[in-house]
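Below is one structure; the comments refer to it alone.
The values are calculated or read from the model by the stated rules, or taken from the named source; none is laboratory data. This structure is a prediction, so every number in the text was calculated from the model and none was measured. A quick note on method: Cβ atoms are made from the backbone with ideal geometry, for glycine too, and the neighbour counts reach across all protein chains shown. Protein only, heavy atoms only, side chains kept; ligands, DNA and RNA dropped before computing areas. Shrake-Rupley method; radii C 1.70, N 1.55, O 1.52, S 1.80 Å.
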Amino acid sequence: MKKAVAGAAVFSYIGGNKQLESLYDKLLQYREKGIYPFHMPGHKRQEWTMCNPYEIDITEIEGFDDLHHPEGILRQAQEEAAEIYGSSRTWFLVNGSTSGILSAVGGCVPLKGTILMARNCHKSVLNAVFHRGLRPVCVYPQISGQMGIAGSILPGDVEKALDCEPHASAVILVSPTYEGVVSDIRSIAEITRKKGIPLIVDEAHGAHFSFGGGFPSSALKEGADFVIQSLHKTLPSMTQTAVLHASVNARRDWMERVDRCVYLYQSSSPSYILLCAIQRCIQYMAADGSERMKKYAGNLERLRKYLKDLPGIRLAERDETMWRLDPSKLLISAEGVTGTKLGGLLLQNYGLQMEMCTESFVIAMTSLMDTDQGFKRLCRALKEIGCESSGLGERRVRDACLEESHRPKYRMTPYKAESSPSEWLPLEQAAGRVSAETGYLYPPGVAFIVAGEEIDDMVINRLSRYRQKCIEVQGCSRIGEGLLRVVK
Ligand SMILES: Cc1ncc(COP(=O)(O)O)c(C=O)c1O
């Protein structure tokens, strides 16, 4: 095995007859391959001058403040960030948007309370619902016919749902979605304001919306009370870095409770390398961001125009089910081939790694750190693939995580379902029973069955199809054997 550091036996471990592969060596080997990342993190592995990270790797020691009670350098850094974003308060998160979502939900909804949530929310929202024993009331997105993805949540649907649920303590939506679909947050915020409850927006995939360039405007500007952004997904920052903003309209008591939760859900040994990355990213974006974003937006526009006209290639565009579409996420399909095959061709033949491959399309995630060379490589690869596949006919597999006609019946809270006595049943015998498991594909982590929902034929058919095609389902741990865990 090639050693990264001469004589560093610590990097490989020989136990019995097995030689374990060293993660560090594997990362170095991967780096050498020159594969171009059309995926997160948004820094796109571009060098950002930094010393040996071990030399500055500390946690809370004398003189460096305390993330859980910031009074010095961390407080100043977060206050500077709040000023840049125009928020009432901005928290630095070293445990990803996941910790921000857990905190915002935890602070805004009492234990066992009711939350109105978009059914296409990320699994971290469901985890928050589970932890707090909440009763989720779901509002469903529209479904786009183009590639079978979730469209926007309609403000009218939120209003209707809240009229029927006067005890809902908060609303949580995802905007943009993993695929880039944005909802009309301004109109939805007006509705929640009238009801006197907070609107939480999971903007994990839209951290770049805060820095111009003609991208959709951030939910913070549009009037949401709490907004969570993963800096690491679309901006030049390190994996796990994120921010949670409270808007200037957020009520003080909400903010105080959220503040207490932030420190429940974050490590008690925050990495100062990650905290540093957060500050540097925000300062960089504040100083040079709008220029870089303008240039990036121009490059993207040209790239999209080029891809749109390629024979054999299809690029998803905004349609009537979408309030706005973030152009930075490229949903691409090629005639005659599945998304998985397309992703494989791009990787094997052209050294381009996609963010996600579904049955029908791939997602290429771009950021302002993408290079002209990276975009050119993608254009060249898709031109060649498109030429070969042109005329083979479209493979329009509908592989949406959710379907228009599918509204599973809510029977009990996810907490109750997951903690009640349960049994394993063969899939075909599970219809009409309450699921004790939450199943989803990852990415994107949108559940097609949530614990506490009734299992119906659509869920069974979907799971059978995934099983036949050997598609990995997370959360349903024995689906490979054709078994589902149901409440007894
Ligand atoms: C829509 C959405 N929200 C939240 C998250 C969690 O973000 P993080 O990885 O920063 O914890 C993800 C992760 O991919 C996501 O896709």
Pair list, Cβ < 7 Å and 6+ apart or interchain, from the stretch 113-131 residues that are away from the ligand (no atom under 15 Å from the Cβ) to residues that are of a type in the set (Lys, Arg): 114/135
Exactly one of (1) in a helix (DSSP H, G or I); (2) surrounded by 14 or more Cβ atoms within 10 Å (Cβ to Cβ) is unmet by residue 70. Its number? (1)
By my count, strands (runs of 3 or more DSSP E) wholly in the stretch 149-252 with at least 2 residues that are in contact (Cβ under 8 Å) with a residue 40 or more places away in the chain and open to solvent by 10 Å² or more (accessible area, probe 1.4 Å) are 168-174
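When you look at residue 84, is it open to solvent by 20 Å² or more (accessible area, probe 1.4 Å), touching a strand residue (DSSP E or B) at 6+ places or on another chain (Cβ under 9 Å) and away from the ligand (no atom under 16 Å from the Cβ), yes or no?
Yes; evaluated as a whole, the condition is true for this residue.
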Scan the stretch 250-267 for residues that are of a type outside the set (A, V, I, L, M), more than 16 Å from the ligand (Cβ to nearest atom) and either within 18 Å of residue 282 (Cβ to Cβ) or at pLDDT 95 or above (or both) and jot them down. 251, 252, 253, 254, 256, 257, 259, 260
How many residues are more than 16 Å from the ligand (Cβ to nearest atom) and either open to solvent by 10 Å² or more (accessible area, probe 1.4 Å) or not in a strand (DSSP E or B) (or both) when one looks only at the stretch 435-449? 2
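State which residue is farthest from the ligand (Cβ to nearest atom) when the search covers only the stretch 87-112 and only residues that are assigned to a loop (DSSP other than H, G, I, E, B), of a type in the set (A, V, I, L, M, F, W, C) and in contact (Cβ under 8 Å) with a residue 60 or more places away in the chain.
At the first step, the residues of the stretch 87-112 found to be assigned to a loop (DSSP other than H, G, I, E, B) are 87-88, 94-95, 109-112.
Keeping just the survivors that are of a type in the set (A, V, I, L, M, F, W, C) gives 94, 109, 111.
With the extra rule that they be in contact (Cβ under 8 Å) with a residue 60 or more places away in the chain, the set shrinks to 94, 109.
Working: 94: 10, 109: 17 Å.
Checking each candidate, the answer is 109.
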If you take the residues in the stretch 298-319 that are part of a loop (DSSP other than H, G, I, E, B) and in contact (Cβ under 8 Å) with a residue 60 or more places away in the chain, which one is farthest from the chain's Cα centre (by Cα)? 311
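Taking residue 245 as the residue in question, decide whether it is out of contact with any helix residue (DSSP H, G or I) (no Cβ under 7 Å at 6 or more places or on another chain) and closer than 24 Å to residue 67 by Cα.
no
Determine which member of the set 92, 130 is open to solvent by 10 Å² or more (accessible area, probe 1.4 Å), in the same structural domain as residue 179 (by TED's automatic domain parsing) and of a type in the set (A, V, I, L, M, F, W, C). Step through it out loud before you land on a result.
Working: 92 fails: open to solvent by 10 Å² or more (accessible area, probe 1.4 Å).
Selected residue: 130, the only one of 92, 130 that is open to solvent by 10 Å² or more (accessible area, probe 1.4 Å), in the same structural domain as residue 179 (by TED's automatic domain parsing) and of a type in the set (A, V, I, L, M, F, W, C).
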